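S.K.: Encoded as structure tokens, here's the structure I'll be asking about.
The values are calculated or read from the model by the stated rules, or taken from the named source; none is laboratory data. Because the structure is a prediction, the values reported are computed rather than measured. Quick reminder, even Gly has a Cβ in these numbers, built from the backbone with ideal geometry, and neighbours come from all protein chains shown.
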Amino acid sequence: MATLFTKTKLYLEANSKTWDDTKVSLQNDGSGDYIKTFTYDGLDKPTDEQIASYETAGNAAEANAVIDATRRTQYLSWQQQMEMVYKDQKNGTTTFKNHCDKVRSDNPKE
């Protein structure tokens, strides 16, 4: 189940707004998360139904964020990547491309 943060962020983006901690805050008083404050000009606080409509997109966004984090570690450091690129150019090989393709195929996005 997607978090309220993710679904609210998607709602904002769908309405050409960005997350701003001074305009929106979430809270949980023990009965579940809810939007405590929402003060965007020209945009009403989303209803429960509007937030719920972002469940599927929120799940995909959160799953892809995990995949992105995994990919970042597997791509190696920028120094290691540059070394692969240099050696590929020098030797006419495709080590860097092959490495990137493997990271992507091992960690496909939804």
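S.K.: Would you check which residues across region 65-107 are surrounded by 13 or more Cβ atoms within 10 Å (Cβ to Cβ) and under 22 Å from residue 7 (Cα atoms) and list them?
M.R.: 67
S.K.: In addition: Looking at 97, 102, 109 in this structure, which one is assigned to a loop (DSSP other than H, G, I, E, B) and either in contact (Cβ under 8 Å) with a residue 12 or more places away in the chain or more than 23 Å from residue 10 (Cα to Cα) (or both)?
M.R.: 109
S.K.: Here is a follow-up. Run residue 19 past the list (1) more than 27 Å from residue 110 (Cα to Cα); (2) touching a Lys or Arg at 6+ places or on another chain (Cβ under 8 Å); (3) surrounded by fewer than 14 Cβ atoms within 10 Å (Cβ to Cβ) and report the number of the one that doesn't hold.
M.R.: So residue 19 meets the others, but not (1).
S.K.: Which number in (1) modelled with pLDDT of 95 or more; (2) under 30 Å from residue 5 (Cβ atoms) marks the one condition that residue 110 misses?
M.R.: Failing condition for residue 110: (1).
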